[in-house]
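Participant: I have a structure here, written as structure tokens, and I will follow up with some questions on it.
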Amino acid sequence: MSATRNVAAIGLTAALLGSVVFAPGALAQKAPPPKGDALAGAPTPPPPPAAAPTQRVTMPANRDAVQTLTMSTNKTSVLEFDTDIDDIVMANPAIADAVARDRRHVYIMGKTAGESNIVFLDAAGRKMLTLEVSVTEGIAGMDQLRGLIKKYVPNNKVQVESVNGKVILAGSVPNISAADRVMTLARQYAKDDNSVLNMMSVEGKDQVALKVRIVEMQRSVIKQLGINLSGSVGFGELDTTGFSKVAQWQTDNTFGVAGSALGGLAGSLGYVNKVGNLIQSTVQADVQALERVGLLRTLAEPNLTAISGESAKFLAGGEFPVPVAQDQGKISVEFKPFGVGLGFTPVVLSEGRISLQISTEVSELTQEGAYSNAGTGTSATLSLTIPALKVRRAETTIELPSGGSMVIAGLIQEQTKQSLDAVPGVKDMPVLGALFRSRDFKNNETELVVIVTPYLVEPTDPQSLRDPDRGYVTPHDSRTLLFGKLNEVYAVPGSGVDKTAAPKGSSGFIFD
């Protein structure tokens, strides 16, 4: 049911209206009160309070024009007209009510959540304005929240509104850290986390390029010195078949660390002694000596770029199959990755603070620790070998500035193994005891360093990026056959020559 209210009849009631709380920012600033006649029979009321949000309404050229007003419950807005109004028609005063202080100033009060409209008429009964009012459930303390954001989050451009019991945050903040502080303050005025709608944008850079450098040096030293002695003594008369009685002895070095002799220098010395035709003795010494020094360098530099708050993964390597037992005797195959891998999630807190959750590894296939099944020998059973992985992996969360570096992982490892094979008792003899001892020595040293460096990046001109094959040109067959070249002649960087163009003439630089 619509309700019609005459301005003159409500003038006194409006004059008694006390102080009210206004929704800040919902309408424009208050304009100076226009000149107009006061209501008949009522004293001229004072202008609206300066703190009241005021919207100045002008006579539209089209009287059927519709304007909208959004406000919260228990809030008041002021409409200021250029011409006098005479009547106000409200569709539902329970949702939005109107109180006129004079013929040109009207207070609109939001009572309950919902939608209604208000029609303003002039003295001739003509429609001056149709106002569509939308009243939403408000949240107390929005003014206080705006003050706290201004105090604790400097340089912000955040706009705070409340709609249907939810806090809406719009505008922009300088960085993610500032956005997090705004969200923390807003949650104190909302019912729960779902009642805060984050529509803020971050002004700073939010793309992070991560450079990881993994360097590993391995040094190994192996020393082997093995001496095996053997001998025999024969007794009896010598005939065509040899001595009738023979006594033999020997030592056998197994090289317990390496498992066997790895090579090196091998030699033997023998001695034969005969005493007539009755006794013959032989002694032989086999000597094996080795010293091996090895050096292994592993270098991996994966680079990856991601947006702040998003995860990214990188893998340069491959996958190997691993059988997995299933129900009812079935076997499926799963593939396990190996190679150079990098995964990280960056969060740009500010220009000088980038939070990084990093997982990086370098892995390779190895037979050390591998699983092998030789089968049962039947044609239905096949032999199976599953390789193992040698892995260097690091997972952590750190904070760094753009362009700053940090060692997130490091390893210094030394392994020393040695064994001494000897004949008991005899090995302790001075000088001669060395002939009954064999030594196997192995020493491994490892140094591993993982360094990470984040950068805040922006897109650039593709011409400023260099491809690995920039300037490469496949040579003619004659040049490959006659000169053994794998690429044509082309210019070096900085020469000013187009590296992508085909070479001309016989001048230039040759890549050997």
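The values are calculated or read from the model by the stated rules, or taken from the named source; none is laboratory data. Values in this document were obtained by computation on a predicted structure and should not be read as measured data. With ideal geometry, Cβ positions are generated from the backbone for all residues, glycine too; neighbour counts draw on all protein chains shown. Side chains are part of the model used for accessible areas, which takes the heavy atoms of the whole protein and leaves out ligands, DNA and RNA. Shrake-Rupley method; radii C 1.70, N 1.55, O 1.52, S 1.80 Å.
Participant: Out of 468, 454, 475, which single residue is of a type outside the set (Gly, Ala, Ser) and within 25 Å of the chain's Cα centre (by Cα)?
Facilitator: None of the other options fit; the residue is 454.
Yes or no, residue by residue, for (1) acidic (Asp, Glu); (2) in contact with a helix residue (DSSP H, G or I) (Cβ under 6 Å, 6 or more places away or on another chain); (3) farther than 30 Å from residue 351 by Cβ:
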position	(1), (2), (3)
132	yes, no, yes
142	no, no, yes
162	no, yes, yes
165	no, no, yes
174	no, no, no
220	no, no, yes
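Participant: Name the strands (runs of 3 or more DSSP E) wholly within segment 111-178 that hold at least 2 residues that are within 32 Å of the chain's Cα centre (by Cα)?
Facilitator: It comes to 157-163, 166-173.
Participant: Let me ask another. If you scan segment 157-184, which residues turn out to be hydrophobic (A, V, I, L, M, F, W, C) and either open to solvent by 50 Å² or more (accessible area, probe 1.4 Å) or more than 13 Å from residue 197 (Cα to Cα) (or both)?
Facilitator: 173, 176, 178
Participant: Moving on to the next point. What's the number of the only condition in (1) under 18 Å from residue 302 (Cα atoms); (2) crowded, with 17+ Cβ neighbours inside 10 Å that residue 387 fails to meet?
Facilitator: So the condition that residue 387 fails would be (1).
Participant: Does any residue of segment 452-466 turn out to be closer than 26 Å to residue 262 by Cα and at pLDDT 90 or above?
Facilitator: no
Participant: If I ask for residues that are basic (Lys, Arg) and either open to solvent by less than 80 Å² (accessible area, probe 1.4 Å) or within 30 Å of residue 261 (Cα to Cα) (or both), which ones from segment 292-314 would you list?
Facilitator: Once the filter is applied, which keeps residues that are basic (Lys, Arg) and either open to solvent by less than 80 Å² (accessible area, probe 1.4 Å) or within 30 Å of residue 261 (Cα to Cα) (or both), segment 292-314 yields 292, 297.
Participant: Within segment 188-213, restricting attention to residues that are aliphatic (A, V, I, L, M) and either in a loop (DSSP other than H, G, I, E, B) or out of contact with any Pro (no Cβ under 8 Å at 6 or more places or on another chain) (or both), which residue is surrounded by the fewest Cβ atoms within 10 Å (Cβ to Cβ)?
Facilitator: 199
Participant: Can you report the number of residues in segment 416-450 which are open to solvent by 90 Å² or more (accessible area, probe 1.4 Å) and either among the small types (Gly, Ala, Ser) or without any contact (Cβ under 8 Å) to a residue 60 or more places away in the chain (or both)?
Facilitator: Of the residues in that region, 6 qualify.
Participant: Let me ask another. Residue by residue through segment 117-136, note down the ones that are surrounded by fewer than 16 Cβ atoms within 10 Å (Cβ to Cβ) and within 23 Å of residue 94 (Cα to Cα).
Facilitator: 127, 132
Participant: Being more than 16 Å from residue 358 (Cβ to Cβ), among the hydrophobic types (A, V, I, L, M, F, W, C) and touching a residue at least 40 places away in the same chain (Cβ under 8 Å) narrows it down to one of 408, 412, 386, 398, so name that one.
Facilitator: It is 386.
Participant: Among the residues of segment 251-268 satisfying the criterion of being outside any loop (DSSP other than H, G, I, E, B) and at pLDDT 75 or above, which is surrounded by the most Cβ atoms within 10 Å (Cβ to Cβ)?
Facilitator: Within segment 251-268, the match that is surrounded by the most Cβ atoms within 10 Å (Cβ to Cβ) is 268.
Participant: Output the number of residues of segment 347-372 satisfying the condition of being closer than 23 Å to residue 215 by Cα, surrounded by 13 or more Cβ atoms within 10 Å (Cβ to Cβ) and of a type outside the set (Ser, Thr, Tyr).
Facilitator: 7
Participant: Just give me the residues in segment 406-454 being under 18 Å from residue 253 (Cβ atoms), of a type in the set (A, V, I, L, M, F, W, C) and not in a strand (DSSP E or B), in sequence order.
Facilitator: Answer for segment 406-454, where residues must be under 18 Å from residue 253 (Cβ atoms), of a type in the set (A, V, I, L, M, F, W, C) and not in a strand (DSSP E or B): 423, 426, 429, 432, 434, 435, 436.
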